[in-house]
1. Any residue in the range 71-79 that is buried (at least 16 other Cβ atoms within 10 Å of the Cβ), part of a helix (DSSP H, G or I) and among the hydrophobic types (A, V, I, L, M, F, W, C)?
2. Under the condition of being more than 16 Å from R112 (Cα to Cα) and within 6 Å of the ligand (Cβ to nearest atom), which residue from the range 57-77 is farthest from the chain's Cα centre (by Cα)?
3. What is the residue count in the range 171-216 for residues that are buried (at least 17 other Cβ atoms within 10 Å of the Cβ) and acidic (D, E)?
4. When the residues of the range 25-36 are filtered to those that are outside any loop (DSSP other than H, G, I, E, B) and in contact with a helix residue (DSSP H, G or I) (Cβ under 7 Å, 6 or more places away or on another chain), which remaining residue is nearest to the ligand (Cβ to nearest atom)?
5. On the basis of being among the aliphatic types (A, V, I, L, M), under 13 Å from the mean Cα position of the chain (by Cα) and over 22 Å from K193 (Cβ atoms), does A100 make the cut?
6. Consider T18 against the criteria (1) within 13 Å of the ligand (Cβ to nearest atom); (2) among the polar types (S, T, N, Q); (3) modelled with pLDDT under 95: it satisfies all of them except one. Which criterion is unmet?
7. Would you tally the residues in the range 37-55 being within 13 Å of the ligand (Cβ to nearest atom) and either hydroxyl-bearing (S, T, Y) or part of a strand (DSSP E or B) (or both)?
Amino acid sequence: MPMVRRNALPASDRMPATISSLQELSAATHACRECPLGAPATQSVIGEGPLHARLMVVGEQPGDKEDLAGRPFVGPAGRLFDRAVAQLGWSREQLYVTNALKHFKYELRGKRRIHKSPAQREAEACHHWLESEIALVGPEAFIALGAVAARSLLRRPVAVTRERGHWLEDPAGRRVLVTLHPSALLRGDPAQKAAAWQAWLADLSLASQVFEARARAARR
Ligand code: URA
C-alpha cells in the first residue's frame, strides 16, 4: 500500500506523518482542524468504494445526511447520482466516490442545517487529504461533479458549463471529466429537467471508456 507523506504543517496542527490506509485517513480527517469546518461537523466523511477502483468520482463536500451517516452521497444528490449510475449500466461498487472537502459546511436556520458553499481557502486546506486518498486508491481517471471538485482536481478555476463533457488533464497528467453536480440538476428549471438529465448522462457516459478499456485488457 502506498505511504502518503502529509504536507508540512505548523507543529500545533501536526497529525500522523503518513497515511497508509483509508482507516488512517478517516481518523486523521476527523481530527483535522486546519480550517474551521471540522469542529462543528458531526464527523469527517471520506470516500467509499473499492480500494483500487479505476474511476474516482469527486463531489463537493458532505451534506447534512452524509455528515450524519459518515458516508458520501447518501442524501438527495446521492440518490440522483445513483439513478444515473444505474441508467449508465454502472454499479456504485465499481466506483470510488468521495468529496473535495471532508467536512460539512452549514449555517443553522432554526434547527435546520443549511448547506454553505466552501470558501476557496477551505477547499485548499482540504486538498492534501484528497491527494492522500488518490494516492491510496490510484484511480485511472476522475469525474469531477461541479466547480469545487473540478477546481480541486485541475488546480485552477473551472467554468463547468463551458468545460463539461470532455476529458481534461490535471497538472499531473491525470484524466478528469468535468460535469454538473447532481444538486444543480435538483435545483434546475423544471421545464429543462429532461434535457438537463440527458445532457448529464451524456457527459457521464464518456467515463464508460474506463470500464471498457479494463474489460478489453482482461480479455487479452
Ligand atoms: N453533495 C456532495 O458533493 N457530496 C456528498 O457527499 C453529498 C452531497
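The values are calculated or read from the model by the stated rules, or taken from the named source; none is laboratory data. Treat the numbers as computed from the prediction; the structure is a model and nothing was measured. Note: ideal-geometry Cβ built from the backbone for every residue, glycine included; neighbour counts use all protein chains shown.
1. Keep residues of the range 71-79 that are buried (at least 16 other Cβ atoms within 10 Å of the Cβ), which gives 71-75, 77-78.
Imposing the further condition that a residue be part of a helix (DSSP H, G or I) reduces the set to 77-78.
If we keep only those that are among the hydrophobic types (A, V, I, L, M, F, W, C) too, we end up with 77.
Checked against the condition, which is being buried (at least 16 other Cβ atoms within 10 Å of the Cβ), part of a helix (DSSP H, G or I) and among the hydrophobic types (A, V, I, L, M, F, W, C), the range 71-79 yields at least one hit.
2. In this case the residue turns out to be A77.
3. Total meeting the criteria: 1.
4. If we filter the range 25-36 for residues that are outside any loop (DSSP other than H, G, I, E, B), which is where we start, we get 25-31.
When the remaining residues are screened for being in contact with a helix residue (DSSP H, G or I) (Cβ under 7 Å, 6 or more places away or on another chain), the result is 25, 29.
Numbers: L25: 16, T29: 14 Å.
Filtering first and then ranking leaves T29.
5. On the way: among the aliphatic types (A, V, I, L, M): yes; under 13 Å from the mean Cα position of the chain (by Cα): yes; over 22 Å from K193 (Cβ atoms): yes.
Yes.
6. (1)
7. 2
Quick grid of which residues meet (1) of a type outside the set (A, V, I, L, M); (2) out of contact with any Leu (no Cβ under 7 Å at 6 or more places or on another chain):
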{"site": "H30", "(1), (2)": "yes, yes"}
{"site": "A41", "(1), (2)": "no, yes"}
{"site": "A53", "(1), (2)": "no, no"}
{"site": "G59", "(1), (2)": "yes, no"}
{"site": "L68", "(1), (2)": "no, yes"}
{"site": "F81", "(1), (2)": "yes, yes"}
